[in-house]
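Some notes on the structure that comes next.
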Amino acid sequence: MDIWLIVERRFATRSSAKLFSLKHMLYYQKEGQLSISDYMSKLKQMCDILVAAGNGVSDQEHINVILAGLPVKYELVRVVASATNLSLDFLTELLVDCESRQLDLWLTFLYKPMQFKRGKVVLISLKILVLFLIKVAN
(Lines give C-alpha, C1' and ligand atoms only; values in the text may rest on other atoms or scores of the structure.)
Protein backbone atom coordinates (compact mmCIF):
# COMPACT_ATOMS: atom_id res chain seq x y z
CA MET A 1 0.00 0.00 0.00
CA ASP A 2 1.22 3.49 -0.85
CA ILE A 3 2.47 5.50 2.15
CA TRP A 4 0.59 8.62 1.00
CA LEU A 5 -2.65 6.69 0.87
CA ILE A 6 -2.10 5.53 4.46
CA VAL A 7 -1.33 9.09 5.60
CA GLU A 8 -4.38 10.42 3.75
CA ARG A 9 -6.68 7.85 5.34
CA ARG A 10 -5.30 8.47 8.81
CA PHE A 11 -5.78 12.24 8.60
CA ALA A 12 -9.17 11.86 6.91
CA THR A 13 -10.37 9.79 9.86
CA ARG A 14 -9.18 12.42 12.33
CA SER A 15 -10.75 15.18 10.24
CA SER A 16 -14.04 13.30 10.05
CA ALA A 17 -14.05 12.87 13.81
CA LYS A 18 -13.32 16.58 14.30
CA LEU A 19 -16.09 17.54 11.86
CA PHE A 20 -18.53 15.24 13.61
CA SER A 21 -17.53 16.72 16.97
CA LEU A 22 -17.90 20.28 15.67
CA LYS A 23 -21.30 19.54 14.13
CA HIS A 24 -22.40 17.99 17.42
CA MET A 25 -21.22 21.11 19.31
CA LEU A 26 -23.08 23.28 16.80
CA TYR A 27 -26.36 21.46 17.31
CA TYR A 28 -26.12 21.47 21.09
CA GLN A 29 -24.82 25.03 21.58
CA LYS A 30 -27.03 27.07 23.89
CA GLU A 31 -27.17 30.83 24.34
CA GLY A 32 -26.66 30.43 28.08
CA GLN A 33 -24.90 33.45 29.57
CA LEU A 34 -23.77 34.78 26.18
CA SER A 35 -25.23 37.92 24.68
CA ILE A 36 -27.18 37.33 21.48
CA SER A 37 -24.36 38.91 19.46
CA ASP A 38 -21.77 36.60 21.04
CA TYR A 39 -24.05 33.57 20.62
CA MET A 40 -24.63 34.36 16.95
CA SER A 41 -20.90 34.97 16.37
CA LYS A 42 -19.99 31.67 17.99
CA LEU A 43 -22.48 29.77 15.82
CA LYS A 44 -21.34 31.60 12.68
CA GLN A 45 -17.73 30.72 13.43
CA MET A 46 -18.65 27.03 13.79
CA CYS A 47 -20.65 27.13 10.55
CA ASP A 48 -17.77 28.84 8.72
CA ILE A 49 -15.35 26.13 9.86
CA LEU A 50 -17.74 23.43 8.66
CA VAL A 51 -18.17 25.18 5.29
CA ALA A 52 -14.38 25.55 4.90
CA ALA A 53 -14.01 21.84 5.60
CA GLY A 54 -16.48 21.03 2.83
CA ASN A 55 -19.37 20.21 5.14
CA GLY A 56 -21.70 23.09 4.35
CA VAL A 57 -24.49 24.37 6.56
CA SER A 58 -27.49 25.88 4.79
CA ASP A 59 -29.04 29.12 6.03
CA GLN A 60 -32.16 27.22 7.10
CA GLU A 61 -30.08 24.72 9.06
CA HIS A 62 -28.19 27.64 10.65
CA ILE A 63 -31.51 29.27 11.61
CA ASN A 64 -32.79 26.00 13.10
CA VAL A 65 -29.63 25.67 15.19
CA ILE A 66 -30.00 29.26 16.44
CA LEU A 67 -33.65 28.76 17.40
CA ALA A 68 -32.97 25.44 19.13
CA GLY A 69 -30.36 27.04 21.40
CA LEU A 70 -32.48 29.96 22.56
CA PRO A 71 -33.89 30.09 26.10
CA VAL A 72 -37.59 30.47 26.90
CA LYS A 73 -37.39 34.27 27.01
CA TYR A 74 -37.12 34.19 23.19
CA GLU A 75 -40.07 31.82 22.71
CA LEU A 76 -42.12 34.40 20.80
CA VAL A 77 -39.26 34.95 18.34
CA ARG A 78 -38.87 31.18 17.99
CA VAL A 79 -42.58 30.77 17.18
CA VAL A 80 -42.60 33.61 14.63
CA ALA A 81 -39.38 32.40 12.99
CA SER A 82 -40.69 28.83 12.79
CA ALA A 83 -43.98 29.94 11.22
CA THR A 84 -42.42 32.28 8.65
CA ASN A 85 -39.50 32.21 6.26
CA LEU A 86 -37.12 34.66 7.96
CA SER A 87 -33.68 35.38 6.57
CA LEU A 88 -30.66 34.83 8.78
CA ASP A 89 -29.93 38.57 8.79
CA PHE A 90 -33.49 39.49 9.77
CA LEU A 91 -33.54 36.85 12.52
CA THR A 92 -30.28 38.30 13.88
CA GLU A 93 -31.74 41.82 13.92
CA LEU A 94 -34.91 40.56 15.58
CA LEU A 95 -33.01 38.76 18.33
CA VAL A 96 -30.67 41.69 19.02
CA ASP A 97 -33.66 44.04 19.20
CA CYS A 98 -35.51 41.66 21.52
CA GLU A 99 -32.46 41.40 23.80
CA SER A 100 -32.13 45.19 23.86
CA ARG A 101 -35.79 45.64 24.79
CA GLN A 102 -35.50 43.07 27.57
CA LEU A 103 -32.51 44.95 28.97
CA ASP A 104 -34.44 48.22 28.79
CA LEU A 105 -37.36 46.65 30.68
CA TRP A 106 -35.00 45.23 33.29
CA LEU A 107 -33.33 48.58 33.83
CA THR A 108 -36.70 50.35 34.05
CA PHE A 109 -37.80 47.84 36.67
CA LEU A 110 -34.59 48.34 38.66
CA TYR A 111 -34.76 52.13 38.62
CA LYS A 112 -38.43 52.42 39.57
CA PRO A 113 -39.29 51.96 43.21
CA MET A 114 -41.68 49.12 43.98
CA GLN A 115 -44.92 49.96 45.81
CA PHE A 116 -46.13 47.65 48.55
CA LYS A 117 -49.08 47.69 50.99
CA ARG A 118 -49.43 50.67 53.32
CA GLY A 119 -47.61 52.90 50.83
CA LYS A 120 -44.15 51.71 51.81
CA VAL A 121 -41.58 52.13 49.10
CA VAL A 122 -38.75 49.67 48.84
CA LEU A 123 -35.89 50.57 46.55
CA ILE A 124 -33.88 47.94 44.74
CA SER A 125 -30.38 48.09 46.13
CA LEU A 126 -27.52 49.54 44.17
CA LYS A 127 -25.64 46.29 44.71
CA ILE A 128 -28.18 44.34 42.63
CA LEU A 129 -27.94 46.91 39.85
CA VAL A 130 -24.13 46.74 39.84
CA LEU A 131 -24.19 42.92 39.75
CA PHE A 132 -26.66 43.00 36.88
CA LEU A 133 -24.55 45.47 34.89
CA ILE A 134 -21.42 43.38 35.47
CA LYS A 135 -23.28 40.31 34.19
CA VAL A 136 -24.45 42.19 31.09
CA ALA A 137 -20.94 43.53 30.44
CA ASN A 138 -19.47 40.02 30.50
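Of the listed requirements (1) surrounded by fewer than 14 Cβ atoms within 10 Å (Cβ to Cβ); (2) at pLDDT 60 or above; (3) of a type outside the set (F, W, Y), L94 misses just one: (1).
Report yes if V51 is closer than 26 Å to S15 by Cβ, at pLDDT 80 or above and not in a loop (DSSP other than H, G, I, E, B), otherwise no. So V51 passes the test. Among residues that are in a helix (DSSP H, G or I) and either modelled with pLDDT under 85 or farther than 17 Å from T92 by Cα (or both), L19 is included.
Table: residues versus (1) over 30 Å from L67 (Cα atoms); (2) aliphatic (A, V, I, L, M); (3) modelled with pLDDT of 75 or more.
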position	(1), (2), (3)
R10	yes, no, no
T13	yes, no, no
K23	no, no, yes
K30	no, no, yes
L34	no, yes, yes
D38	no, no, yes
K44	no, no, yes
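Taken over the range 54-79, residues that are part of a helix (DSSP H, G or I) and either under 8 Å from the mean Cα position of the chain (by Cα) or aromatic (F, W, Y) (or both) amount to 2.
The values are calculated or read from the model by the stated rules, or taken from the named source; none is laboratory data. Note that the structure is a prediction, hence the values are computed from the model and not measured. Here the Cβ is made from the backbone with ideal geometry for all residues, glycine too, and neighbour counts use every protein chain on show.
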